[in-house]
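Here's the structure we're looking at; comments come further down.
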Amino acid sequence: MALYSEKVMDHFQNPRNVGKLDDADGIGEVGNAKCGDIMRMYIKVKDNIITDVKFNTFGCGSAIATSSMATELIKGKPIEEALELSNKAVVEALDGLPAYKLHCSVLAEQAVRAAVIDYYEKHNIPYDKEKFKIVDCDDCESCGT
């Protein structure tokens, strides 16, 4: 069995939605100095729908693939649905990741969440801060790696 699925390899070699949105409504950046992955997610929102999303990721192939897949999963969706994106959904959409790379999917989830929270805060939209807090991934406990 291959270490990475065809979908992981495809999203690594041909990432979707790479780049920067200069007029982004929300920007989220998360990272982990320990594993070296840094993700920045940009979202454009109109009528509560994420109309565009871009990302820049500094990291391994799994980090790039999970960022790419996360953008695909939230583009065109209501912002509340994007907030519900889980790292498990990202992993499933990629047909799996090796256990020691699960932290990349956690970072992708957190980057989306951080961008949405930034959007909410810029537009004074109330949200449940406890429910949607960003997990500190410095020790990677959230994914067990």
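The values are calculated or read from the model by the stated rules, or taken from the named source; none is laboratory data. Computed from a predicted structure; not experimentally measured. With ideal geometry, Cβ positions are generated from the backbone for all residues, glycine too; neighbour counts draw on all protein chains shown.
Among the candidates Val30, Val53, Val91, Val45, single out the residue that is out of contact with any Pro (no Cβ under 8 Å at 6 or more places or on another chain) and either of a type in the set (S, T, N, Q) or under 19 Å from Glu6 (Cβ atoms) (or both).
The conditions single out Val91.
Among the residues of region 42-95, which ones are charged (D, E, K, R), closer than 19 Å to Asp25 by Cβ and free of Cβ contacts under 8 Å to residues at least 40 places away in the same chain?
Hits for region 42-95 are Lys44, Lys46, Asp47, Asp52, Lys54, Lys77, Glu80, Glu81, Glu84.
Name the helices (runs of 4 or more DSSP H) wholly inside region 1-91 in which the number of residues that are of a type in the set (Asp, Glu) is 2 or more.
Where helices (runs of 4 or more DSSP H) fall fully within region 1-91 and carry at least 2 residues being of a type in the set (Asp, Glu), they are 6-13, 79-83.
Do the conditions hold for Asp95, that is, is it in contact with an Asp or Glu (Cβ under 9 Å, 6 or more places away or on another chain) and either buried (at least 24 other Cβ atoms within 10 Å of the Cβ) or at pLDDT 95 or above (or both)?
Criteria met by Asp95.
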